[in-house]
Amino acid sequence: MADTVMLIGFMGAGKTTVGQQLAQATNQKFLDLDDEFVKETGSSISDFMEAHGESGFREMETKVLENRLQSPGVISTGGGIIESDVNRKIIENSDATVIFLQADFATVLQRLSSDTDRPLLRQLSMKELLDRWEFRQPLYNEAADSVIMTNGKEPHKIVSELTNMLALPDNSLVSLRSQIDSLDRQILHLISERVNVVKEVANVKKQTGMSVVQNDRMDQIRLELKDEFSHNPNVSDELIDELVDLLTSTAIDKEKKMIG
Ligand code: S3P
């Protein structure tokens, strides 16, 4: 493994949790730059930002980065570290292997929904937060040696992808497979949500005495999907048929069990 692995990414991407677990799994030291900031300044990030503004925070963050970057092991960074040109140069000129933990905006919001500590979450409107997220994506990508997609993944899965990636740094398949694995998990989460809606449908059918299967509705679903995806070469009619078979048979089984 590289001497220093640096995790970058937006708030809520999992940098600290994953960093801690990666360090433990690989027997390395772990350093969180936000914690180092607090140690160095003797002030919480919220208090520091309140007293010195975000620009004051960024200046101090650069000093902490410079002082800690040579530390071997796993370093997790604050989400805004790549905003300053100076920080990006420092990171680029370092020997650290930089990994971007990517999370889509919806995932970030979900993970941060109960957070009350992060000052920017309190200060920024939803639109401003989304603007930040969008503004930073190309900067993370440019600064990173590799990208791991985290949507829908538990930390231990991300750690296992990271250890594979770090063992074979030139293997671009690892990054692509990371995207596939994330999409698979998102598809399963969506299917689980679909089953929840199916359960509500079953309750309505039970109350109104409707039968479980309405054949015309099943045919209608297929026709509409085939029409809507007719220009998408990735989604064939056969794929739609197979998927609808799977989804509807799962739903029918569930409804039959509930209605009896
Ligand atoms: C910030 C993210 C925070 C922390 C500070 C600013 C940002 O770190 O450095 O509140 O600008 O995104 P996390 O990404 O660990 O939340």
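Dipole magnitude of the range 6-145 about its Cα centre, charges +1 at Lys/Arg Cβ and -1 at Asp/Glu Cβ only, in debye to the nearest 20?
The dipole magnitude comes to about 240 debye.
In a GNM of the chain with a 10 Å cut-off on Cα contacts, which of 222, 132, 177 has the highest mean-square fluctuation?
Sorting by GNM fluctuation, first place goes to 222.
What does the C-alpha gyration tensor say about the overall shape of the range 182-260? Classify as rounded when a/c is under 1.5, otherwise prolate if a/b is larger than b/c, or oblate.
The shape class here is oblate.
Take the alpha carbon atoms of the range 190-260, find their center, do the same for the range 1-40, and report the distance between the two centers in whole angstrom.
44 Å
Mind checking the full-extension length gain between residue 176 and residue 238? Use 0.36 nm per residue of separation minus the Cα-Cα distance, one decimal, nm. Spell out each step's value before the answer.
Numbers: separation 62, 0.36 × 62 = 22.32 nm, distance 2.55 nm.
Additional length available on full extension: 19.8 nm.
How about residue 205: which lysines have a C-alpha closer than 17 Å to its C-alpha, ignoring those fewer than 8 places off in the same chain?
By straight Cα distance, residue 205 reaches 254, 256, 257.
Give me the percent of the accessible area of the range 67-224 that comes from carbon and sulfur atoms, probe 1.4 Å, all protein chains in place.
Carbon plus sulfur share of accessible area: 53 percent.
Please state the shape class of the chain: rounded when a/c is under 1.5, otherwise prolate if a/b exceeds b/c and oblate if not, all from the C-alpha gyration tensor.
Working: a/c = 2.62, a/b = 2.05, b/c = 1.28.
Prolate, since a/c reaches 1.5 and a/b exceeds b/c.
Can you give me the % of accessible surface on the range 1-52 that is carbon or sulfur? Probe 1.4 Å, all protein chains present, nothing else counted.
Here carbon and sulfur together make up 41 percent of the probe-accessible area.
Mind giving me the nanometre distance, one decimal, between the label points for residue 211 and residue 44, set 7 Å out from Cα along Cα→Cβ?
6.3 nm
Would you work out which of 215, 150, 126 lies farthest towards the positive end of the dipole of the chain? Charges go on Cβ: Lys and Arg +1, Asp and Glu -1.
215
Placing +1 at every Lys and Arg Cβ and -1 at every Asp and Glu Cβ, with all other atoms neutral, what dipole size does the chain have around its Cα centre, in debye to the nearest 20?
840 debye
In Å², what does the accessible area per residue of the chain work out to with a 1.4 Å probe? The partial results should precede the final answer.
Values: 14960 Å² over 260 residues.
Computed with neighbouring chains in place, this is 58 Å² per residue.
Positive end of the charge dipole of the chain (Lys, Arg +1 and Asp, Glu -1 on Cβ, about the Cα centre): tell me which of 182, 7, 258 has its Cα farthest that way.
258
Only Lys, Arg, Asp and Glu count, each charged at its Cβ (+1, +1, -1, -1), so figure out the dipole size of the range 34-107 about its Cα centre, rounded to 20 debye. Please report the intermediate quantities before stating the final value.
Working: 6 positive and 15 negative charges, 39 e Å.
Magnitude of the dipole: close to 180 debye.
Suppose R0 equals 51 Å. What FRET efficiency, 1/(1 + (r/R0)^6) with r the Cβ-Cβ distance, do residue 24 and residue 250 give to the nearest 0.05?
0.85
I need the shape label for the range 152-221. Rule: rounded when a/c is under 1.5, else prolate if a/b > b/c, else oblate, with a, b, c from the alpha carbon gyration tensor.
Here the range 152-221 falls in the prolate category.
What lysines could a cross-link reach from residue 29, if we take a straight Cα to Cα line under 21 Å and drop same-chain neighbours fewer than 8 places away?
Within the straight-line cut-off, residue 29 pairs with 15, 39, 63, 157.
The values are calculated or read from the model by the stated rules, or taken from the named source; none is laboratory data. Everything numeric here is computed off the predicted structure, so don't read it as measured data. Reconstructed Cβ throughout: ideal geometry from the backbone, glycine too, with neighbour counts over all protein chains shown. These accessible areas exclude ligands, DNA and RNA; they are computed on the full protein's heavy atoms, side chains included. Shrake-Rupley method; radii C 1.70, N 1.55, O 1.52, S 1.80 Å.
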